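Here is the structure we will look at, set down as C-alpha cells.
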Amino acid sequence: MTALYTAEATATGAGRDGKARSSDGILDLDLAVPKEMGGAGGDATNPEQLFAAGYAACFHGALQVVARRAKADITGSEVTARVGIGRNDEGGFGLEVELSVSLPGLDEAQARKLTEEADQVCPYSNAIRGNVETQLSLA
C-alpha cells in the first residue's frame, strides 16, 4: 500500500490522563480515564471516544462512496459508533464496536446492502476485521 496521507499525533503526560496533540496542532485535547473505569472523567475525552468518532466518520465516508456507485440517495444519513472497552481472556483489554447506520428513505434491503458494502470499503473496518467484535445494525 502507498499511503495517500499520514496522520501524526503524540500522547504526553499520564497516558489516559494526559494530552493528545496532532502534529499540525488542529487536534489538541486533554484526556481522562472515564468514571466507569475508575477515573475522574470530566471535561476531557478518551481514546474510545476518539476511536468512535474516527470510525463513525470513516464509515460514513465509505457509505457515501458505495451509495454514489449505486446511485442511491442517502440524504440525511448518519452513522453512530459505540466503542466498548473491557478485559479480554488474556488479561489485557480489548474493544468491541457497534455501528448503527441510519439511511432514511431507503428500504431495509437496500440499506443493508449499502451498509455491508461500506463495511468492505471502510479502512477502519478493514483494519479491525477479525480482531475486534463488530456489529452492524440499521437504525
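Solvent-accessible surface of the chain, taken per residue with a 1.4 Å probe and all protein chains present: 64 Å². Taking the Cα centroid of the stretch 106-127 and of the stretch 44-101, what is the distance between the two, rounded to the nearest whole Å? Using only Cα atoms to place each centre, the spacing works out to 11 Å. Build a GNM of the chain with springs between Cα atoms under 10 Å apart, and of Glu108, Glu90, Glu78 the one that fluctuates most is Glu90. Relative contact order for the chain: 17 percent, from Cα pairs under 8 Å spaced at least 6 residues apart, divided by residue count.
The label point for Leu138 and the one for Ser102, both projected 7 Å from the Cα toward the Cβ, are 1.6 nm apart. Split the accessible area of the chain by element, probe 1.4 Å, and carbon with sulfur accounts for 50%.
Mind putting a number on the dipole of the chain about its Cα centre? Charges go on the C-beta only, +1 for Lys and Arg and -1 for Asp and Glu, and I need it in Debye to the nearest 20. Its charge dipole is roughly 280 debye. From helices alone, the chain scores -10500 deg cm²/dmol at 222 nm; the rule is -39500 (n - 2.57) for each run of n ≥ 4 DSSP H residues, then divide by the residue total. For Cα Rg over 2.2 N^0.38 Å, the value calculated from this model appears in [x] 1.03; [y] 2.02; [z] 1.18 under label [z].
Here the Karplus relation 6.51 cos²θ - 1.76 cosθ + 1.60, evaluated at θ = phi - 60°, turns the backbone of the stretch 28-33 into coupling constants of 8, 10, 7, 10, 8, 5 Hz, with x for every Gly and Pro. Which longest uninterrupted range of the chain lacks any trypsin sites (Lys or Arg not before Pro) assigned by DSSP to a loop state (not H, G, I, E or B) and surrounded by at most 14 other Cβ atoms within 10 Å? By the stated rule (loop sites, at most 14 other Cβ atoms within 10 Å), 1-70. Comparing Ala53, Ala111, Ala70 in a Gaussian network model of the chain where C-alpha atoms under 10 Å apart are linked, the largest mean-square fluctuation is found at Ala70.
Between Thr45 and Lys71, the distance separating the two model label sites (each 7 Å from Cα on the Cα→Cβ line) works out to 3.9 nm.
Full extension of the segment from Phe93 to Glu36, taken as 0.36 nm per residue of separation minus the current Cα-Cα distance, would add 19.1 nm. Near Glu98: Cβ cut-off under 10 Å, other residues only, Lys/Arg at +1 and Asp/Glu at -1. The net charge is -1.
The values are calculated or read from the model by the stated rules, or taken from the named source; none is laboratory data. If you're wondering where the values come from, they're calculated on a predicted model, not measured in any experiment. Cβ sites come from the backbone with ideal geometry, for glycine too, and all protein chains shown count toward neighbours. SASA here: full protein model, heavy atoms, side chains in, ligands and nucleic acids out. Shrake-Rupley method; radii C 1.70, N 1.55, O 1.52, S 1.80 Å.
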